[in-house]
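Okay, so here's the structure we're looking at.
The values are calculated or read from the model by the stated rules, or taken from the named source; none is laboratory data. Note that this is a predicted model, so its numbers are computed, not measured. We place every Cβ from the backbone using ideal geometry, glycine too, and count neighbours over all the protein chains shown.
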Amino acid sequence: MIACAAITASAQTDSISTLFSFHVPKAEPQVVHYPYITPISSHEELSHEVMQLNFSKADAAAKKLITTARRRRESTADSDKVVSICHKGENGLRGVDRVVIVDSVVVDKKEFLKAYPLSADLGSLKLSNKGDIVQYQTQLNGMVLRPEGTDSTNLQLIRYYLENDRLVEGEVIEGLGIEGDINYPFLMPDGQTFYFAARCDEGYGNYDLYATRYDNDSKRFYQAENMGFPYNSYANDYMLVIDEAARLGWFASDRYQPDGKVCIYTFIPNDSRQTIDYETTDIDELRAAASLQSLAAIPMTDEQQQARNGAFKRIKQLTSTASTTRYKEFEFILNDAKTCYTLDDFTSADAKQLCREWMQKTKNLTALNEQLQQMRETSPNNRQPILNLETRIMELQSETHNLAKQIRSVELSK
């Protein structure tokens, strides 16, 4: 597996080193271009120092820029923003969760959900046609959570329910207390603990992970709380999933990654937050634990190492099980060697589009057969409507059969 780490020209060390300096270094480091959506600062060096959680250095440099700008009667807005970010970040370092990171793997962002070995008990995750919006279907009363909006930067979280495989009109989830773009939902099997990602002014920047719980008395969620370091960074952090039975959790982040790539971190979830002592912990070790820049630089006790070794075994068992009980949206047999269960299983875009038509006709055929069965039971003497329905069913069967042949021809010719 490919470990997630920052790219530097120098060799890795056991502790985090500063990637950027405001003095000219002897050997200029290779610059990492993070996929900012909302840049931290127009000064690239400041942005990088903040990404490395070097808040005191970034704060001092920003204040110097403010002094210079005031002397020149120029705007200080950009540097003021950095100072505010540094103060918030310093507070964040006082509440870093001591979480054991088991593993990390870099994958293509377009297919990152395949790295989540969800068991059937946890429900299913699926990317929408827009490509970056995740729909989550739980095993709790067939509930479906999915973001909706005019585009992927203007999202609200909507709750639907499935009845006879059809979505009942949804409602906006209330009580999260977040004004921004909400995406990547996951509801724990307890039906109360809820994780999601949001892009808003109150966060660190870009997508941050949030947690909340459902209040049965008020029938709404409590005010969501930012999960802080190390789950969040100044890049995009999202799609947190926890499997309590396996005692494993996952979340995605594009920190330290090139465009189009994302890192999936596997961790051992704590029963409650175990804050690292800010006053007694070495600052480099604290930054390592908070930023996940170098997993090797994060100190680990013998007990934590044993827990990590046990987690590796559970991951192996879980991925083995997931490969045999994968999420199935439908079942389409291409040939003796391959069966497709989701649209992503097709390599041809034309075959995918034809499959969408095939799925719709298949659903229509099922509905008509149910209608025919009901008519035969309730109105057996009403022959003409029954004959008309039987004729339409035969036509639709032929159309579905021909579509299936066309799908196989298009896909297998690739």
Quick test for you: out of Leu396, Leu334, Leu387, pick the one residue that is in contact with a helix residue (DSSP H, G or I) (Cβ under 7 Å, 6 or more places away or on another chain) and without any contact (Cβ under 8 Å) to a residue 60 or more places away in the chain. Leu396
Mind checking which residues of region 62-119 are among the aliphatic types (A, V, I, L, M) and in a loop (DSSP other than H, G, I, E, B)? Val96, Val99, Leu118
So which of Asn129, Asn141, Asn183, Asn206 ends up being part of a loop (DSSP other than H, G, I, E, B), at pLDDT 80 or above and either among the polar types (S, T, N, Q) or exposed (fewer than 13 other Cβ atoms within 10 Å of the Cβ) (or both)? Asn206
Looking at region 29-40, can you tell me whether even one residue there is part of a loop (DSSP other than H, G, I, E, B), touching a Pro at 6+ places or on another chain (Cβ under 9 Å), modelled with pLDDT under 50 and farther than 28 Å from Asp181 by Cβ? no
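One line per residue, one yes/no per condition, for (1) out of contact with any strand residue (DSSP E or B) (no Cβ under 8 Å at 6 or more places or on another chain); (2) assigned by TED's automatic domain parsing to the domain that holds His48; (3) loosely packed, with under 12 Cβ neighbours inside 10 Å; (4) modelled with pLDDT under 90:
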{"position": "Ala288", "(1), (2), (3), (4)": "yes, no, no, no"}
{"position": "Leu292", "(1), (2), (3), (4)": "no, no, no, no"}
{"position": "Gln306", "(1), (2), (3), (4)": "yes, no, yes, no"}
{"position": "Lys361", "(1), (2), (3), (4)": "yes, no, no, yes"}
{"position": "Asn369", "(1), (2), (3), (4)": "yes, no, no, yes"}
{"position": "Glu377", "(1), (2), (3), (4)": "yes, no, yes, yes"}
{"position": "Asn382", "(1), (2), (3), (4)": "yes, no, yes, yes"}
If the Cβ limit is 6 Å and pairs must be 6+ apart or interchain, which residue in region 290-308 that is within 19 Å of Asp277 (Cα to Cα) and touching a residue at least 12 places away in the same chain (Cβ under 8 Å) pairs with which residue that is of a type outside the set (A, V, I, L, M) and not in a helix (DSSP H, G or I)? Ala290/Phe229; Ala290/Pro230; Leu292/Pro230; Ala297/Asp14; Ala297/Ser15
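Of the residues Ala246, Ala252, only one is in the same structural domain as Ala211 (by TED's automatic domain parsing), modelled with pLDDT of 95 or more and of a type in the set (Gly, Ala, Ser); which?
Ala252
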